[in-house]
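**Q** This is the structure, below, for whatever I ask next.
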Amino acid sequence: MAQNVHRQATSPVSFRPPAVASARRGFFRRFWFPAVLLLSIAAGGLTGIVAAYKLNYSEAASEVAALATYSPSVVTRVYADDGQTVIGEFALERRIPLKYEEIPEVAKKAILAVEDTRFYHHIGLDPIRIAGVVVKNLSTGSREGGSTLTQQLTKNLFLTREQTLTRKLREWVMALQIERFYTKNQIMEMYANHTFLGARAYGLEAASETYFGKQAKDMTLEEAALLAGIPRAPSQYSPTVNMERAKERRDLVLELMARNNYVTPEQAAAAKMKPIKLADAAFNPPKSTVFDYPVEEIRQYLEDRYTTRVAQGGLAVYSTINIAAQKKAAEAVRNGLHWYDRTHGSYRSEYKNIAADANGSNNANAQASPQQLANYTHPDWYHNQFEPNTFVTGLVTKVDAARNEATVRFANYRATLTVKDMGRAAGRLPKTEFKPGYLAEFRIKESDHDNRTLKVDLSQVPAAQGAMVTLNSKTGEVVAMIGGYDFYTNRFNNATQAYRQTGSCFKPFIYAAAVEWGLTPETPITGAPIKHRDWQPHNYDGSLGGGDVPMKTALAQSKNIQAIHLLDMIGIQTGAQMVRRFGITVPMAPYLPSALGATEVPLDQMVSAYSVFPNKGVRVEPHLVRRVVGRDGNVLEEWEKTTYKVVSPYVALTMVKMMRGVVEGGTAAAAQSVGVQLAGKTGTVNDQTDVWFIGYTPTYVTGVWMGYPGRKKPLGSDMTGGRGALPIFVEFMKDYLKDKDKEKFEEAPKRPEDIRELFLQRQRELAEMRAAALAKAQAEGLPVSMTDINLEKVTIPPLLGDTPDSGNAPSTDATKSEPNPDKKEDASPSTPRASDTYQTPAAPPPPPASTRPREALPQKKGKKGEEEP
């Protein structure tokens, strides 16, 4: 044990010579601090290099760097045919970007005053400001933020609004990165263009146009201060939400601008004294205008062609819509529908309650709060000038039972409704008819724009709908398109989406086929009665037939019996092929009733088909868009004229001459009041469920339809194309053509040789038929003359597979359908004329193919997009 102890004491490991130990201790005393400092610097530098590397190649750096090529969503604008007037806008976010130089100095100063006065002196984070905010929050108990303008931009572009430490750290990193990649001016530009400012507006330019109706460059000091104060809480500080809080916030911004020497105290004080003045558009978002139907068609076209993101991403779309024509078309359709509603119905007392809407209930007795009454806006009020004889929706804000009056608001206009102003509801009392919060339609009688007051009487939205399309036959440009009474209440476009039976408007296609088949306007067409089992068509006057009349007379007076005989004469196949050539995409039903308009076709296709007549047999593809320019200025598309050769100029202009007879002495005689040469055709569907008129000059084709949407409801026994649709056409065309040259139709050219040969053949056939009929009559000892020789009863041949005594038509899908053909026409809105009507059979009969010796001529294929007749 002792030996072991001694060994431990004398071990070389524990031996320290005094001189060496002293030297080592001196070295460490002298150099330990520099060594540690050097190691620390090296470690810090290495850490910095690693951190910088990580920061430079982090996800945040990639996202920030991508801003250099980032293209935010901006407004796509649709221009009228003048290339300057904006008729529609759509966007994922309503934004109109500005360059830094375009941002007004007063707006820059307002932003800096309220958001970040040290913006040009920090690197994205501001330690001085943060320290000041911390001290202030601890001493006063407030919760003021210390975010810089760069941090605000970071939150707008990349982050959510959640309040967590992780999100805050990410915000700091992103702010530092933004400052590394971009200059201060670039950051200010991005902030001014990306910030949400309420009322659907992103950025200063969109907000200035929305709130003030002017460009940002024209903003005043108080307007710039108002916008600068909104981003902190748009739901509280937007003037369209809370005017008082918006003014308080604006005045605070003005005070901060004066405190930081951006403006003088006198300038700030003067600006504070000014009230907030907003444009009407600020309260009335652009949801509904007279241009909405064509703009919506354009939007759908762009999205189908370019995708939604591109379509709503800042395109400039130059349309074919004429401003004056579109406004007049909307007015004419509305006036026509109101005329019909006044003369064919009673007042319905149908009111919408904004309180029920706001609460999501159906309780018509819900009470609207004062705030709801004050803040409500209606699309009718957007850019409405409230001119006399226009129809506008109004909000009942107060009912005075003692005075028996109601106060009605139209944006910032007011009207007082008394007993004498009850209009359609004459005899009812305002105090019992209305409640605050009710929406009703009114007709404006007088406007006082200085005092913002109106005189109105009560009206109502018509239950029936109408549509109108005007087309330039030479260019294919859609000049005007009205798809219904109001886009806001009914977005269904009756001009393009409603497939309705066309009535006698379909007859010109059959007559055109007959002309090409070799007949002439003077060719006599039999009016012999037609009967097939229980089906026996008749004319408007109830007659089951009549004598022979020239083809031009049959068309002008819209004779039903003659039209059916004509289709039977040329053959259903011939007629169906002609309809297809005119651009009608719906196949003609293979029945004789198709001669009277059993086929369902939308208005825009009918108008396009009619354009063949004045354009000498050529149909130009209709279009709404002339040119589309991308946000970068590159032209994405430009309209290239696409034409289709439908019939020869002889056939087309011969039809023009015949259809002029419809206007000059037929079922559309009232159209002569337009004062120019016109041709066209009226149409009325069985039971008066649809009424039509399509008319044209040498250049313009306009079609009008009226009916109940989505259902076959009769309009009234007195309603015809001449009484319902024609007056709308006349009102529009009188105004639209008043400043245009009075054009005249060309005369038809000489008959082409091929049609001349067919004409001679038809003459021989008709002569043989007449001779045979005369011989038969003489053999039977009947007294006949050449004028009534064809008045014998005509029975349609049995159906294919049917027998004379079967008593029923074959059960097929085709024969089960019940077309609703044309019934009535009139020569003027007040005078009915004998014309076209027949009763639809339970199973309309297609003639057997085996008994049809005459078919359409073979078609020669021409150039792409064309067919030679």
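The values are calculated or read from the model by the stated rules, or taken from the named source; none is laboratory data. What you see is a predicted model, and the numbers here were worked out from it, not measured in a lab. Cβ atoms come from the backbone with ideal geometry, glycine included; neighbour counts cover every protein chain shown. For the accessible areas, the whole protein counts, side chains as well, though only heavy atoms, and no ligand, DNA or RNA atoms are used. Shrake-Rupley method; radii C 1.70, N 1.55, O 1.52, S 1.80 Å.
**Q** Taking the convex hull of the alpha carbon atoms in the range 484-623, what volume per residue do you get, in Å³?
**A** Details: hull volume 18.8 nm³, N = 140.
Output value, Cα hull per residue: 135 Å³.
**Q** Can you figure out the FRET efficiency of Arg452 with Lys531, using R₀ = 60 Å and their beta-carbon distance, to the nearest 0.05?
**A** On the way: r = 68 Å, r/R0 = 1.13.
The pair Arg452/Lys531 has a calculated efficiency of 0.30.
**Q** Roughly speaking, what % of Cα-Cα pairs in the range 615-708 are separated by over 17 Å, rounded to a whole number?
**A** On the way: 2812 of 4371 pairs.
When all Cα pairs of the range 615-708 are counted, 64 percent exceed 17 Å.
**Q** What accessible area per residue comes out for the range 520-668, rounded to a whole number of Å², with a 1.4 Å probe? Present the calculation step by step, with values, prior to reporting the outcome.
**A** Values: 4680 Å² over 149 residues.
Value returned for the range 520-668: 31 Å² of accessible area per residue.
**Q** Search the structure for amide H atoms under 5 Å from the amide H of Thr453, placed 1.01 Å from N in the peptide plane, and list their residues when 5 or more places away or on another chain.
**A** Answer set, sorted by chain and number: Arg414, Asp448.
**Q** Per residue, how much accessible area does the range 295-343 show when a 1.4 Å probe rolls over the protein heavy atoms, in square angstrom? Let's see the in-between values first.
**A** Numbers: 1950 Å² over 49 residues.
Value for the range 295-343: 40 Å² per residue.
**Q** When the Karplus curve 6.51 cos²θ - 1.76 cosθ + 1.60 is applied with θ = phi - 60°, which whole-Hz ³J(HN,Hα) does each residue of the range 745-751 get, with x for Gly and Pro?
**A** Values, residue by residue: 6, 6, 6, 5, x, 4, 4 Hz.
**Q** Within the range 405-444, find all residues whose amide N lies under 17 Å from a label point positioned 7 Å from the Cα of Lys352 along Cα-to-beta-carbon.
**A** 409-411, 435-443
**Q** By per-residue mean of other Cβ atoms within 10 Å, what is the highest-first order of 478-485, 540-547, 86-93, 330-337?
**A** On the way: 478-485: 26.8, 540-547: 16.4, 86-93: 18.1, 330-337: 22.5.
Top of the packing list down: 478-485, 330-337, 86-93, 540-547.
**Q** Output ³J(HN,Hα) for the range 614-627: one whole-Hz value per residue in order, computed from phi by the Karplus curve 6.51 cos²θ - 1.76 cosθ + 1.60 with θ = phi - 60°, and x for Gly and Pro.
**A** Listing the rounded values in order: x, 9, 6, x, 10, 9, 9, 4, x, 7, 9, 10, 8, 8 Hz.
**Q** Treat each spin label as a single point 7 Å out from the Cα along the C-beta direction, and report the Gln385 to Ala269 distance in nm.
**A** 4.3
**Q** Then there's this: Could you state the per residue volume, in Å³, of the convex hull enclosing the Cα atoms of the range 427-560? Numbers along the way, then the final one.
**A** Details: hull volume 37.7 nm³, N = 134.
Per-residue hull volume (Cα only) is 281 Å³.
**Q** Right, here's the next one. Report the calculated FRET efficiency for Gln497 and Thr343 (r = Cβ-Cβ distance, R0 = 45 Å), to the nearest 0.05.
**A** So the FRET efficiency works out to roughly 0.95.
**Q** Continuing with the same structure: Accessible area per residue for the range 354-508 in Å², computed with a 1.4 Å probe and the full protein assembly in place, what is it?
**A** Details: 6430 Å² over 155 residues.
Averaged over the residues of the range 354-508, the accessible area is 42 Å².
**Q** OK, next. If R₀ is 51 angstrom, what is the calculated FRET efficiency for the pair Lys217 and Asn404, using the beta carbon separation as r and rounding to 0.05? Could you put the intermediate results ahead of the total?
**A** Working: r = 51 Å, r/R0 = 1.01.
Once rounded, the FRET efficiency stands at 0.50.
**Q** How long is the gain from Lys99 to Lys327 if the chain were fully straight, where each residue apart is worth 0.36 nm and the alpha carbon distance is subtracted? Working shown, then result.
**A** Working: separation 228, 0.36 × 228 = 82.08 nm, distance 3.56 nm.
Result for the pair: 78.5 nm of gain on full extension.
**Q** Taking amide H atoms as placed 1.01 Å from N in the peptide plane, list the residues 5 or more away in sequence, or in a different chain, whose amide H sits under 5 Å from that of Gly527.
**A** Gly546, Asp548, Val549
**Q** Further question on the same structure: With a Cα-only, solvent-free Debye model of the range 444-504, what are the log10 I(q)/I(0) values at q = 0.16, 0.20, 0.22 Å⁻¹?
**A** Log10 of I(q)/I(0), two decimals: -0.75, -0.89, -0.95.
**Q** So for each of 303-314, 498-509, 400-411 I average, over its residues, the number of other beta carbons within 10 Å; can you give me the resulting order with the highest mean first?
**A** Details: 303-314: 15.9, 498-509: 26.9, 400-411: 17.5.
Listed from highest to lowest mean packing, they are 498-509, 400-411, 303-314.
**Q** Apply the Karplus curve 6.51 cos²θ - 1.76 cosθ + 1.60, θ = phi - 60°, to the phi angles in the range 256-272 and return the couplings in whole Hz, x for Gly and Pro.
**A** 5, 5, 5, 5, 9, 6, 7, 9, 7, x, 5, 5, 4, 5, 5, 5, 5
**Q** Mind ordering 603-610, 435-442 by average Cβ neighbours within 10 Å, highest first? Mind dumping the intermediate values first?
**A** On the way: 603-610: 25.5, 435-442: 21.2.
Top to bottom by mean Cβ count within 10 Å: 603-610, 435-442.
**Q** Give, in nm to one decimal, the length gained when the segment between Glu664 and Leu169 is fully stretched (0.36 nm per residue of separation minus the Cα-Cα distance).
**A** On the way: separation 495, 0.36 × 495 = 178.20 nm, distance 8.21 nm.
Taking 0.36 nm per residue and subtracting the Cα distance, the gain is 170.0 nm.
**Q** Which entries of Lys474/Lys559; Lys352/Lys712; Lys247/Lys455; Lys616/Lys657 show an alpha-carbon separation above 23 angstrom in the structure shown? Show your work: numbers first, answer last.
**A** Values: Lys474/Lys559 31 Å; Lys352/Lys712 26 Å; Lys247/Lys455 32 Å; Lys616/Lys657 12 Å.
As for pairs spanning more than 23 Å Cα to Cα, those are Lys474/Lys559; Lys352/Lys712; Lys247/Lys455.
**Q** Using only Cα atoms, what Kirkwood radius does the range 469-532 have, in angstroms? Before the final figure, lay out the partial values.
**A** Values: mean 1/r = 0.0634 Å⁻¹.
Mean inverse Cα-Cα distance, inverted, gives 15.8 Å.
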